[in-house]
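Novice: This is the structure I have questions about; it appears just below.
The values are calculated or read from the model by the stated rules, or taken from the named source; none is laboratory data. Keep in mind it's a predicted model, so treat the numbers as computed, not measured. Every residue, glycine as well, gets a Cβ built from its backbone with ideal geometry; the counts of neighbours run over all protein chains shown.
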Amino acid sequence: MSINVICASGNIGKDAEQRWTQNQKCIASFSLPVRQGYGERKKTSWVKCMLFGAKAEKLPQYLTKGTKVTVTGEFVMEEWTDQSGGKRSQPVIIVMDIDFGSSGNKQAAQQQSEPEFDSTIPF
């Protein structure tokens, strides 16, 4: 058996972006910093976080630059070919649960706990 769950916490790097597919499905994304290493080898990488459906429609107004969040979700490597033909990849968290930190918007935290943000909504 294999389990694919990742948890990341940090301050959002820039306001969430929201878009709609041709099938009118909502997708929202934002990035979180992930730090690794220590001393001179300390490094920060940015991980793209993606929300779908009802969460993507309602939460972006609260997902603004500097907001502290903790996300839990599925880890995937998004892969594509760029315009020059090179292979590219980016780590992505498909967000299942999101928790706003103490410095985050209290109203957002209250909204997040309402049934319409139930983590059982299929992605």
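Novice: Can you tell me which residues in segment 50-85 are over 13 Å from the mean Cα position of the chain (by Cα) and among the hydroxyl-bearing types (Ser, Thr, Tyr)?
Specialist: Thr81, Ser84
Novice: In the set Lys42, Lys58, which member is over 19 Å from Ala8 (Cα atoms) and at pLDDT 90 or above?
Specialist: Lys58
Novice: Right, Gly13: within 13 Å of the chain's Cα centre (by Cα) and among the small types (Gly, Ala, Ser) or not?
Specialist: Details: within 13 Å of the chain's Cα centre (by Cα): yes; among the small types (Gly, Ala, Ser): yes.
Answer is yes for this residue.
Novice: Go through segment 72-91 and report how many residues are modelled with pLDDT under 95 and either closer than 14 Å to Ser31 by Cβ or surrounded by 19 or more Cβ atoms within 10 Å (Cβ to Cβ) (or both).
Specialist: So the count comes out to 3.
Novice: Residues to consider are Lys68, Lys106; find the one that is at pLDDT below 90 and farther than 21 Å from Lys25 by Cα.
Specialist: On the way: Lys68 fails: at pLDDT below 90.
The conditions single out Lys106.
Novice: Which condition breaks for Ser29 when tested against (1) over 18 Å from Met77 (Cβ atoms); (2) touching a residue at least 12 places away in the same chain (Cβ under 8 Å); (3) out of contact with any helix residue (DSSP H, G or I) (no Cβ under 8 Å at 6 or more places or on another chain)?
Specialist: For Ser29, the exception is condition (1).
Novice: Ok, one more. Which residues, taken from segment 19-57, are surrounded by fewer than 17 Cβ atoms within 10 Å (Cβ to Cβ), within 19 Å of Lys68 (Cβ to Cβ) and among the small types (Gly, Ala, Ser)?
Specialist: Hit for segment 19-57 is Ser45, nothing else.
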